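Below is one structure; the comments refer to it alone.
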Amino acid sequence: MRYLILSDIHANLGALDAVLAAAHGLWDQAVCLGDIAGYGPDANEAVERVRSLSAIAIRGNHDKASSGVTNAEDFNPLARAAALWTRDRLLLENREYLARLPQGPMDLEDFAIAHGAPRDEDEYVFTPEVAWEMLREAGMPVTFIGHTHLQGGFALRGGAVHALHLRPVAGKSCVKLHIESDAAYLLNPGSVGQPRDGDARAAFAIADLAAARVVDFWRVEYPVAAVQERMRKEGLPEPLIARLAAGR
Ligand code: ZN
């Protein structure tokens, strides 16, 4: 089974559609690691697109805040403004879809998924030290996580954790990771709709862990200026608009 791994779409339909076009024909089952909504202008459309893929999905902190499961009080002011803006505009059935998304972690056939950390859906995994704590307790050899919006990951082998550099450089769209049988992995496909690793292109991954034992990490261009224009028209905060072009 080839899995399309999506995370942190953040209501950016332009980015999501570019990802789906690039990935066309390359996957059998879609998986979403959370944060379908929040920040971007097209929450209803993004939710409807994910629903139309019949994706296996878990919730992110922005899905909780946008659907009223949490009150966004722990969000920074810009994130809170975007969450409340989104909550006002979500159609009832899309709000209910987000509110009903299960909490991670979740074990699938070939790997596990979580939004933030396996032990806490809202925790960020930035450092090898934190990754080591997660990998030491991991029940499956591969866990996909999102939340940091940083494409890449960590591998545990022989008791030591090292960071994996898995971002396609400019001009390249894909980097391959071969899964070794004596290692455990925490892998982040990157963010579809709001990358923060300095590359403005939409990020995702395709995993084939049963047959080929390979994960492909992808970056694709999308019409950033058009999405920014949509956000400006909707009156979303300017820093959220500017960051899309910087990929920060
Ligand atoms: Zn996010």
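If the cut-off is a Cα-Cα distance under 26 Å, which lysines reach K64, setting aside same-chain residues fewer than 8 apart in sequence?
K233
For F144, which sequence-distant residues (separation of 5 or more, or a different chain) have an amide H within less than 5 Å of its own amide H, given hydrogens modelled in the peptide plane?
Answer set, sorted by chain and number: A112, I113, A114, L187.
Once both labels are modelled 7 Å past Cα along the beta-carbon direction, what's the A246-Q103 spacing in nm?
So the label points at A246 and Q103 sit 3.4 nm apart.
Could you tell me how many degrees, from 0 to 90 and to the nearest 10, lie between the Cα long axis of helix 77-89 and the main elongation axis, the longest principal axis, of the Cα atoms of the chain?
Once rounded, the angle reads 70 degrees.
Could you work out how far helix 128-137 tilts from the main Cα principal axis of the chain, as a 0 to 90 degree angle to the nearest 10?
Helix 128-137 sits roughly 70 degrees off the main axis of the chain.
Provide the percentage of antiparallel DSSP beta bridges, counting only those with both residues in the chain; round to the nearest 5.
70
Kindly express, to the nearest 10 degrees and within the range 0 to 90, the angle between helix 43-52's C-alpha long axis and the longest C-alpha principal axis of the chain.
Value to nearest ten degrees: 50.
How about K176: which aspartates and glutamates have a C-alpha closer than 16 Å to its C-alpha, ignoring those fewer than 8 places off in the same chain?
The qualifying aspartates and glutamates are D208, D216.
Quick check: from the Cα gyration tensor, does segment 122-213 come out rounded (a/c under 1.5), prolate or oblate?
Because a/c hits 1.5 or more and a/b fails to exceed b/c, segment 122-213 counts as oblate.
Sequence-distant or interchain residues sharing an amide H contact under 5 Å with T70, placed H: which?
A65
Going by Cα centres, segment 4-49 and segment 191-248 are how many Å apart?
Spelled out, the Cα-based centre of one part sits 10 Å from the other.
Hey, rough spin-label estimate for D122 and D74, points 7 angstrom out along Cα→Cβ, what's it come to in nanometres?
Inter-label distance under the simple model: 0.2 nm.
Rule-based calculations on the coordinates, nothing more; no lab input. Computed from a predicted structure; not experimentally measured. Reconstructed Cβ throughout: ideal geometry from the backbone, glycine too, with neighbour counts over all protein chains shown.
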